[in-house]
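Notes follow the structure.
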There are 2 protein chains.
Amino acid sequence: MKVEYLNPFIHATRNVLETMARTKLTTQKPYLKEGATTYGDVTGIIGMASEVVEGSMTISFPSACILQIVSRMLKEAPKSAINHEIVDAVGEITNMICGGAKAEFSLLGLNFNLATPTMVTGKGLEIHHHASEPIIVLPFQADCGTFVLEANLANKK
Amino acid sequence: MKVEYLNPFIHATRNVLETMARTKLTTQKPYLKEGATTYGDVTGIIGMASEVVEGSMTISFPSACILQIVSRMLKEAPKSAINHEIVDAVGEITNMICGGAKAEFSLLGLNFNLATPTMVTGKGLEIHHHASEPIIVLPFQADCGTFVLEANLANKK
């Protein structure tokens, strides 16, 4: 993926988490994904598609971190474990972040539509992207822990 | 999801598996998804998106079944376990089936683009669709076992 394609995802992640969950994020150094093991306990997956580009974005949260974030979003006490409400919230967060990135890409003249998010939970699972190029991992540090976003967006062949 | 939206996915699945892997399929009775546990050991996930519709499709295979199918596709002896090659093949199969469905939907006047497939492996994981409507599960019976496709495609609100 082109390095300049990273910024819309970084900006949207910071913006959504700060606006919706009053959670400030520090961006850590991006790195290339090696292997396929996911970082977190709950992962949102969303597709991006147009006539000219295709891609997917995943965002993966450790339990402790997402329970805190959703608690702030809903202004409720944190749940004790990942339940349906948390999974739904991860779907919403995934949608909002990718929607924010889409809006910034649109200003750069790159237009695409979003698919419906899918959320995966489970320990030790592996998530593989069907991409010919290396996947870039963007780690974000919050007060409640670190989570990662993986983005994969490229012109169609 | 509208019931008439099922057929393109059924046709494409039968067509791809029969053409690419000489595997005949019997369609079993569709049912509504309850809970979130996946059926299989390896699952392909792909997004569909346009200005008017959004959706996602998952296809989930038990190990024994996908090892046999990929062996037939590649005309090689079956692998003993799910490895990178099998996961890649599931990405290809996911792409081809959703591409076939897309072509049939296009003839019905419903156009969308495909996102990049994501593949998930792991035992006991749960896959949730971010959809307001119930998810329909389509089971397919092959000589090597049963696998399921879940589709979710709806007009944007």
One finds, for B:N15 and A:Q141 with R0 = 45 angstrom and r their Cβ-Cβ distance, a FRET efficiency to the nearest 0.05 of 0.40
Return one number: the angle in degrees, 0 to 90 and rounded to the nearest 10, between the long axis of the Cα atoms of helix B:6-21 and the longest principal axis of the Cα atoms of chain B. 20
Could you tell me, in Å, what Rg and Dmax come out for the Cα atoms of the range B:82-157? 14.2, 41
What FRET efficiency comes out for the pair B:K156/A:A64, r = Cβ-Cβ distance, R0 = 35 Å, nearest 0.05? 0.55
Applying the gyration tensor rule to the Cα atoms of the range A:1-44 (axes a ≥ b ≥ c; rounded if a/c under 1.5, else prolate if a/b exceeds b/c, else oblate), the class is oblate
Treating only the Cβ atoms of Lys and Arg (+1) and Asp and Glu (-1) as charged, compute the dipole magnitude of the range A:3-155 about its Cα centre; round to the nearest 20 debye. 440
Could you tally up the Lys pairs in chain B with alpha carbons closer than 18 Å? Skip any pair fewer than 8 positions apart unless they're on separate chains. 7
Amide H within-cut-off set for A:I135, under 5 Å, with H built and near neighbours excluded: A:K33
Return the FRET efficiency for the residue pair B:E85, A:K75: r is the Cβ-Cβ distance, R0 is 30 Å, and the value is rounded to the nearest 0.05. 0.05
Ignoring everything except DSSP H segments at least 4 long, calculate the 222 nm mean residue ellipticity for chain A; use -39,500 (n - 2.57) per segment, divide by total residues, nearest 500. -11000 deg cm²/dmol
Looking only at Cα atoms, what is the convex hull volume of chain B per residue, in Å³? 100
Compute the signed sum of charges (Lys and Arg +1, Asp and Glu -1) over the other residues within less than 13 Å, Cβ to Cβ, of A:E18. +3
Shielding of B:50-57 by other chains, given as the mean Cβ count within 10 Å, works out to 4
Using Cβ counts within 10 Å as a stand-in for footprinting exposure, how do A:V16, A:V137 rank, fewest first? A:V137, A:V16
Nearest-ten-degree value, helix A:63-74 long axis tilted from longest Cα axis of chain A: 90
Treating the point 7 Å from Cα along Cα-beta-carbon as the label, what are the nm separations from A:H11 to the other copies, to one decimal? 4.3
Using Cβ counts within 10 Å as a stand-in for footprinting exposure, how do A:R72, B:R22 rank, fewest first? B:R22, A:R72
Label-point separation, A:Y31 to B:R22 (7 Å along Cα→Cβ), nm: 4.6
Report the normalised scattering of the protein assembly as shown as log10 I(q)/I(0) at q = 0.09, 0.11, 0.14, 0.16 Å⁻¹, calculated by the Debye formula with identical scatterers on the alpha carbons. -0.42, -0.64, -1.04, -1.35
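Rule-based calculations on the coordinates, nothing more; no lab input. Nothing here was measured: the structure is a model prediction, and the numbers come from that model. Positions of Cβ are backbone-derived with ideal geometry, glycine not excepted, and every protein chain shown enters the neighbour counts.
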